[in-house]
Amino acid sequence: MAVLNIVVLNPLANRHKEIIKAAEPNVNIIISDAKNALEHMPECHILATWGWAETRHLYQAAPHLEWIHALSAGVEKLLFPEIQAADTILTNSKGIHGIPVSEHVLAMMLAFSRGLTLSIRQQDAKTWKRVPTDELHEHTLAIIGLGAIGREIAKKAKALGMTVLASKQEMTTELFVDKLYPPDNDSLQEMLSQADYVVIALPLTENTENLIGLKHFTVMKPSAYFFNISRGAIVNEADLITALEQKLIRGAGLDVFTHEPLPESSPLWTMPNVIITPHVAALSPAYLDRAVKLLADNLTRFIQGRDMLNLVDKVKGY
């Protein structure tokens, strides 16, 4: 078999290269950055990149490219017309984000519940004053999108004694979900009206872009908290700001935004009932270890002509 050239648009440690080589010794691993990647495309067979990176120009310059693997779960920038019309395989790293993202969500939920957001501000001001506190126990969590991340959030929430509601495309039996809803608007609004905490865990597609807006915040409890760890464009950000300003909801924990970095002019920065993190929910020291292990597993499957993991439907976008 001829040597396969795999171009990876991210630094890899030696242990990562060894994992790939163990799966297929007859592979040439080329580490590049986006700026210099174009020079490697004429001989590239496999490209490992990020789903949010501009890749179309690289694809157009890669006549031998057979497979693109996204190191992320999202593939929004990889769904350009040329790849949709071709037989090029597209896979993603869905399934490796559940642990860090679920911990991030729980951290933000607990920060609000235990009054840590207020306590930190008072600490900065050297103010000794008790703040209102609550418990997650016996409160209701609604998860919009029950994939691998949503299930991990549900699992942790049940361990804390919460009632878990969730919406997903297919009605399946779910171990950590008390009630499952279809994704139609009426069902979604019914679920949201019961929730004390709401988490968005959907992929960004044409169908989910701008999905959540004022009509959804209006039916939520005024005491409810809203969290987005998925993609900013799924939520109408202006409507979210309105909901927070008008106290339609109590607060929000946001890791993703319509425009990133979040503009300094955004009122979200100074809202006392908002936690902002800079798109870091999935980050972990173990991230690349998990992503490369998945890539290596799929490399073996690719070589052997077996079914590959995490094949992306290039029409649906996930």
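Where a number appears in this text, it was derived from the coordinates with a stated rule and is not lab data. Since the structure is predicted, the reported quantities are computational estimates derived from the model, not experimental observations. Glycine also receives a Cβ, built like all others from the backbone with ideal geometry; neighbour counts cover every protein chain displayed.
Observations on the model:
- Centroid-to-centroid separation of the stretch 21-57 and the stretch 74-132 [C-alpha atoms, Å]: 28
- Bridge type composition, the chain - antiparallel percent by DSSP, nearest 5: 0
- The relative contact order of the chain comes to 16 percent, based on Cα pairs under 8 Å that sit 6 or more residues apart.
- Trypsin sites (Lys or Arg not before Pro), loop per DSSP, at most 15 other Cβ atoms within 10 Å - longest free stretch of the chain: 131-246
- GluC sites (Glu not before Pro) lying in DSSP loop within the stretch 145-192, provided at most 13 other Cβ fall within 10 Å: Glu170
- For Lys77, the lysines whose Cα falls under 26 Å of its own Cα, not counting residues fewer than eight places away in the same chain, are Lys17, Lys35, Lys94, Lys168, Lys293, Lys314, Lys316.
- Helix axis angle, 14-23 relative to the chain longest principal axis, alpha carbon, degrees: 60
- Computed per residue of the chain from DSSP H runs no shorter than four, each worth -39500 (n - 2.57), the mean residue ellipticity at 222 nm is -9000 deg cm²/dmol.
- For the stretch 98-276, the gyration tensor built on C-alpha atoms gives an oblate shape. Its axis ratio a/c (a ≥ b ≥ c) is at least 1.5, and a/b is not larger than b/c.
- Seen through its C-alpha gyration tensor, with square-root eigenvalues sorted a ≥ b ≥ c, the stretch 212-266 comes out prolate because a/c lies at 1.5 or above while a/b is bigger than b/c.
- Rounded if a/c under 1.5, otherwise prolate or oblate - the stretch 110-214, Cα gyration tensor axes: prolate
- Debye log10 I(q)/I(0) for the chain, one point scatterer per Cα, at q = 0.14 Å⁻¹: -1.08
- Residue (of Val274, Phe176, Thr258) at the positive-pole extreme of the stretch 98-276, dipole from beta-carbon charges: Val274
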